[in-house]
1. Go through 250, 221, 308 for me and flag whichever is surrounded by 12 or more Cβ atoms within 10 Å (Cβ to Cβ) and modelled with pLDDT of 95 or more.
2. Based on this model, can you work out whether residue 107 counts as surrounded by fewer than 18 Cβ atoms within 10 Å (Cβ to Cβ), within 25 Å of the chain's Cα centre (by Cα) and among the β-branched types (Val, Ile, Thr)?
3. Please go through segment 71-83 and give me each residue that is surrounded by fewer than 17 Cβ atoms within 10 Å (Cβ to Cβ) and of a type outside the set (S, T, N, Q), ordered by number.
4. Among the listed residues 97, 49, 86, identify the single one that is free of Cβ contacts under 8 Å to residues at least 40 places away in the same chain and surrounded by 13 or more Cβ atoms within 10 Å (Cβ to Cβ).
5. State yes or no: is residue 81 more than 25 Å from residue 300 (Cβ to Cβ) and either within 20 Å of the chain's Cα centre (by Cα) or not aromatic (Phe, Trp, Tyr) (or both)?
6. Give me the residue from segment 139-169 that is over 27 Å from residue 41 (Cα atoms) and among the hydroxyl-bearing types (Ser, Thr, Tyr) and, out of that set, surrounded by the fewest Cβ atoms within 10 Å (Cβ to Cβ).
7. Would you mind finding the one in 111, 91 that is part of a loop (DSSP other than H, G, I, E, B) and in contact with a Gly (Cβ under 9 Å, 6 or more places away or on another chain)?
8. Which of the residues spanning segment 187-216 are in contact with a Leu (Cβ under 7 Å, 6 or more places away or on another chain) and surrounded by fewer than 18 Cβ atoms within 10 Å (Cβ to Cβ)?
Amino acid sequence: MKFVNEMEDGESVDILLVIRKKLGLREYRTKFGKYFVLEAGDKTGTLLIKYWGNDERFTEKVYERLKEGDVVRVRGTFQKDNSPYISVDAEYDELEIVENYDPDRFIPRIENIEELMENIFKLTEEVENVHLSRLLEFFFSDESFLERFSSSPGSSFGAYAYLGGLAEHTLHVAMICKELSNIYSVNRELLITAALLHDIGKIEAYEIGTSIKIRNEAKLLGHTVLSYNMVEGKIREIVDFPQSLKEQLLHAIIAHHSPIVDNVPQRIRTKEAYLLFYANMLDNSLKEFDTEGEEWAYSRKMGREIYLGLEQD
């Protein structure tokens, strides 16, 4: 069975998709009856399902029965429009909920996670400060934490929205911070430690099923607070952890999303926190340019079209 990115314009398709959003039940403009539109997809992409009903009451029942998160088997015709969609004619085609499916079909998973984790371990070994090293050991020698960390997404959509995305993003940010510490006069080991721990709260932030959903706790507190709480809790277990070092590390974590606005827990006040912010922003922004597409693509995160470059022959 094909994936979204394998379908061709005008092709009759038979595909499993997860419903990501119900976009409404609508009336035809030129005849009696109703149709509805769904946003659905798999791990390779997202498209629309346009279900053309021929019996108003039956169409309503079909729409009401469908829920976001349901996996459906779709038989119809793929149309590669500006907004690609599968056209499902109720008279000839099918749209049915299925119970048995492989979850890996819907959420992508990084392939080189072992290599990424090895590089993260190498960075932890470069931290020689006894207190920071002990703190990193609390996390990165804990098998339960490592299992969750290495399989967590880095976001619920867009860049790093795949299993293993958190580890990949963390490694990138830590590597950038390491290089920046060779240029600027900063506490190098503090900066690397902050980079390795700045997003660990994301292991508590998401529910993984047929899609990546943000948990209520993360919606209410934000992943920066979750990360702060996890790190602060472990620091409490380390005897004689210096108060100043604790404050600077926690400051970098809680403030790593903005140096200039007030709608964050704390504004940035140290060099290490500034470097962590820009390393984080740089990695997240450049990841947008990894989007598969043609010459231009729209980035929701950046709020603009971005140039992906011409395809090479």
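1. Details: 221 fails: modelled with pLDDT of 95 or more; 308 fails: modelled with pLDDT of 95 or more.
Testing whether each residue is surrounded by 12 or more Cβ atoms within 10 Å (Cβ to Cβ) and modelled with pLDDT of 95 or more leaves just 250.
2. Numbers: surrounded by fewer than 18 Cβ atoms within 10 Å (Cβ to Cβ): no; within 25 Å of the chain's Cα centre (by Cα): yes; among the β-branched types (Val, Ile, Thr): yes.
In short, no.
3. Selection gives 73, 75, 80, 81.
4. Working: 49 fails: free of Cβ contacts under 8 Å to residues at least 40 places away in the same chain; 86 fails: free of Cβ contacts under 8 Å to residues at least 40 places away in the same chain.
That would be 97, the only listed residue that is free of Cβ contacts under 8 Å to residues at least 40 places away in the same chain and surrounded by 13 or more Cβ atoms within 10 Å (Cβ to Cβ).
5. no
6. 144
7. On the way: 91 fails: in contact with a Gly (Cβ under 9 Å, 6 or more places away or on another chain).
Of the residues listed, the single one that is part of a loop (DSSP other than H, G, I, E, B) and in contact with a Gly (Cβ under 9 Å, 6 or more places away or on another chain) is 111.
8. Within segment 187-216, just 204 meets the criteria.
The values are calculated or read from the model by the stated rules, or taken from the named source; none is laboratory data. This structure is a prediction, so every number in the text was calculated from the model and none was measured. A quick note on method: Cβ atoms are made from the backbone with ideal geometry, for glycine too, and the neighbour counts reach across all protein chains shown.
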